[in-house]
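Nothing in this text is a laboratory measurement; each read-out follows from the coordinates by a stated rule. Keep in mind the model is a prediction, meaning the values are calculated, not measured. Note that each Cβ is placed from the backbone with ideal geometry, even for glycine, and that neighbours are counted across all protein chains shown.
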Amino acid sequence: MFGERFVMPADAAILIARPDAVTIARSEQGVVGRLLREGAVAAWRGVAPILVWVPPMLLIAPLVMLAVGSFTEVWDSRGLMGASTEAYREALKFGGTAIAFSLKLATLVTAIVTVLAVPTAYALARYSGATVLMVKQILMLPIILPPMALAIGLIVLYPALSGTFSIFVLAHVVLAFPFAVWPIGAALTAMDFRVLETAARTLGASQLQSFFLVILPNIARAAIVGATTVFVVSIAEVNAGLFLSSADYRPLSVALLGAFMDFDIRVAAALTVIFTIVVSPAFVVMEVLLRRGTRT
């Protein structure tokens, strides 16, 4: 064992004989790594604009086409011909009542859902157990079940409300409720509200004061996001509206669908533009309120 000769590997012998070989190898690796990083950055710079601009263009292109078509005299298989605003006059005549109804409905539903969602999200975040878990699962049902199933269930359960404004309010509150609870609940979980409550109580605040003066201001941004989502969901809801609509009450989304199915496509395009104009201010208001909340 002690008589055996140790044979040094050829590579190790070269490195010992030439210490600068290690430096050269490391330098070459550094150059290769830098070239790879520069290549990856260059490739990303080429791909990034595509990833940023293609999805919005895919969404905007149909709206642009509808907007252009809504100002034409004729839109058929031959294409777009002439220029006219007649489609908007017909759209307002056909869907003016539906627009007013949808705005009234969405505003009322947004107010009701927001007022109910804040304490609900607070209770779900504050407590735990099987009951809380069951409530959370129940809140998922409007997302899982088809809206038309809810509409049929409400008609069967409350036949006296069929065709009334109240059944629309009830259906939209149920459908939109989860969209307000989720962001508020996420905000409560993220900020560890129990620590804030403990600090407020230590300073002499009551449970009610700590909620309104400490917790509520911290979840205001989440409540704004939830309220905006509820407004848009209510305006855009069409499946339940098909079953709940009556001669007196018909939402804008149902009128829009009816225009596409029964009327000139120019009128449907004009209603689509009006629909977009009605919904867009909600996002503008949300952005303004969120920016004010950030500054304060």
Please turn the phi angles of the stretch 198-210 into ³J(HN,Hα) values with the Karplus equation 6.51 cos²θ - 1.76 cosθ + 1.60 (θ = phi - 60°), one per residue in order, whole Hz, x for glycine and proline. 4, 5, 5, 5, 5, 7, x, 6, 7, 4, 5, 5, 5
Would you mind computing, in nm to one decimal, how far apart the modelled labels at Gln207 and Ala149 are, each placed 7 Å from Cα along Cα→Cβ? 3.7 nm
Calculate, axis by axis, the spread of Cα positions in the stretch 86-295 along the three principal axes, and write the results as whole Å, longest axis first. 66, 43, 24
Stretched out fully, how many nm does the piece from Val132 to Ala61 gain, at 0.36 nm a residue minus the Cα gap? 21.1 nm
Farthest toward the dipole's positive end in the chain, which of Val41, Phe193, Phe168, given Cβ charges of +1 (Lys, Arg) and -1 (Asp, Glu) about the Cα centre? Phe193
Explain nothing, just the number: relative contact order of the chain, from Cα pairs under 8 Å at least 6 residues apart, as a whole percent. 25 percent
So how far apart, in nm, are the two label points at Thr85 and Leu116 if each is 7 Å from Cα heading toward Cβ? 4.2 nm
Can you give the helix-only mean residue ellipticity at 222 nm for the chain, where every DSSP H stretch with n ≥ 4 adds -39500 (n - 2.57) and the sum goes over all residues, rounded to the nearest 500 deg cm²/dmol? -26500 deg cm²/dmol
Contour excess over end-to-end distance, with Cα ends at Leu290 and Ala186 and 0.36 nm allotted per residue: 35.8 nm
Can you tell which of Thr189, Thr131, Thr72 shows the greatest fluctuation in a Gaussian network model of the chain with Cα springs below 10 Å? Thr131
Kirkwood calc, the stretch 171-296, C-alpha pairs only, radius in angstrom 17.3 Å
Taking the stretch 205-296, which chymotrypsin sites (Phe, Trp or Tyr not before Pro) meet the DSSP loop condition and have no more than 14 other C-beta atoms within 10 Å? none
